[in-house]
1. For region 131-172, enumerate the residues that are in contact with a helix residue (DSSP H, G or I) (Cβ under 6 Å, 6 or more places away or on another chain) and either buried (at least 19 other Cβ atoms within 10 Å of the Cβ) or within 28 Å of residue 238 (Cα to Cα) (or both).
2. May I ask you to verify whether residue 180 is in contact (Cβ under 8 Å) with a residue 60 or more places away in the chain and in a loop (DSSP other than H, G, I, E, B)?
3. Tally the residues that are over 23 Å from the mean Cα position of the chain (by Cα) and either modelled with pLDDT of 95 or more or not in a strand (DSSP E or B) (or both), restricting the search to region 247-268.
4. Collect the residues in region 309-322 that are more than 18 Å from residue 95 (Cβ to Cβ) and either part of a loop (DSSP other than H, G, I, E, B) or within 18 Å of the chain's Cα centre (by Cα) (or both), keeping them in residue-number order.
5. Go through (1) under 28 Å from residue 129 (Cα atoms); (2) surrounded by fewer than 19 Cβ atoms within 10 Å (Cβ to Cβ) and name the single condition residue 247 misses.
6. One residue is enough: does region 133-142 have a residue meeting the conditions at negative phi and in contact with a strand residue (DSSP E or B) (Cβ under 7 Å, 6 or more places away or on another chain)?
7. Out of curiosity, is residue 43 surrounded by fewer than 22 Cβ atoms within 10 Å (Cβ to Cβ), closer than 24 Å to residue 287 by Cα and modelled with pLDDT under 95?
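The values are calculated or read from the model by the stated rules, or taken from the named source; none is laboratory data. Because the structure is predicted, anything quoted here is derived from the model rather than measured. Note that we place each Cβ from the backbone using ideal geometry, even for glycine, and neighbour counts take in every protein chain shown.
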């Protein structure tokens, strides 16, 4: 009997110690993935997903995003919405869960997750207000099913977190939860400034950082950010300038900024609305995502601000992923372009 309890104790210890989720997850939430992206068109519950091991086509999400398990992001966020002694995280959102209204120029939303007992981490970037709630259970806001959303997960090494923080510092995210111990970030000055709520007020007013996913054949991710002091328009003055390519943009737009077709070969072409994600229809009235693909490829960018003139006076960030499969899936959505302005 004593031997039985010793084995049971060892089992429980191992389960608590080693079963934390700090990596992206595959479509059904049943295994680690180097990266995963869900594009949920307006009015859809499950959305479409591609992930590192299954990216040749958009697949239907395994479950409705409102379900608390058996799909990629429910599992990836398992120890954000729940508790685990070895999983810690920092969460930011300009519309934090349970907070009616916050005055901020930031539009960034995401979670940085890490393991305290292994070199394992993930960065989740998304567009969903009020999500995810920290430590209080999975709480997908069902009202957001009416809108289009993006959720991106990147599995990374902990050493990449400081570069992410350096980019976030310029966009002044609203941090609503952080329990990452300083023992994990002792050599990460930018992360510690971010966690302390410090704001960068001195030049440079732009940042270019590069991270890579954890896989043996990693995906390269470039992060471009600008502070409100830069006065830059992020699509033309940052993304196009850095990529040195034309970009095709899916974003709500104002009546001031138009497509850019004159001058050099580096243009901004606007994607026509409505569009189609395989067999899910989307439109700019209900879809709040902002993304772009390069022309020629192989770059896909998620941008946290729409194609509005007023974002020149606001902070903004673009997460640009260099991957042919991701590019191809989004480039198919960008098949129809608006005519160049006359």
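1. Residues of region 131-172 that are in contact with a helix residue (DSSP H, G or I) (Cβ under 6 Å, 6 or more places away or on another chain), as a first pass: 132, 137-138, 151, 153, 161-162, 165-166, 168-169.
Those that are in contact with a helix residue (DSSP H, G or I) (Cβ under 6 Å, 6 or more places away or on another chain) and either buried (at least 19 other Cβ atoms within 10 Å of the Cβ) or within 28 Å of residue 238 (Cα to Cα) (or both): 132, 138, 151, 153, 161, 162, 165, 166, 168, 169.
2. On the way: in contact (Cβ under 8 Å) with a residue 60 or more places away in the chain: yes; in a loop (DSSP other than H, G, I, E, B): yes.
Yes: the conditions hold for residue 180.
3. Residues meeting the conditions: 13.
4. Here is the first cut: in region 309-322, the ones more than 18 Å from residue 95 (Cβ to Cβ) are 309-310, 312-313, 318-322.
The answer is 318, 319, 320, 321, 322.
5. (2)
6. In the first step, residues of region 133-142 are kept if they are at negative phi; the result is 133-134, 136, 138-142.
If we keep only those that are in contact with a strand residue (DSSP E or B) (Cβ under 7 Å, 6 or more places away or on another chain) too, we end up with 134.
Scanning region 133-142 turns up at least one residue that is at negative phi and in contact with a strand residue (DSSP E or B) (Cβ under 7 Å, 6 or more places away or on another chain).
7. Numbers: surrounded by fewer than 22 Cβ atoms within 10 Å (Cβ to Cβ): yes; closer than 24 Å to residue 287 by Cα: yes; modelled with pLDDT under 95: no.
So residue 43 fails the test.
Here's the yes/no breakdown for (1) assigned to a loop (DSSP other than H, G, I, E, B); (2) touching a strand residue (DSSP E or B) at 6+ places or on another chain (Cβ under 9 Å); (3) farther than 13 Å from residue 160 by Cβ; (4) at pLDDT 95 or above:
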site: 176; (1), (2), (3), (4): no, yes, yes, yes
site: 201; (1), (2), (3), (4): yes, no, yes, no
site: 209; (1), (2), (3), (4): no, yes, no, yes
site: 217; (1), (2), (3), (4): yes, no, yes, no
site: 223; (1), (2), (3), (4): no, yes, no, yes
site: 232; (1), (2), (3), (4): yes, yes, yes, yes
site: 235; (1), (2), (3), (4): no, yes, yes, yes
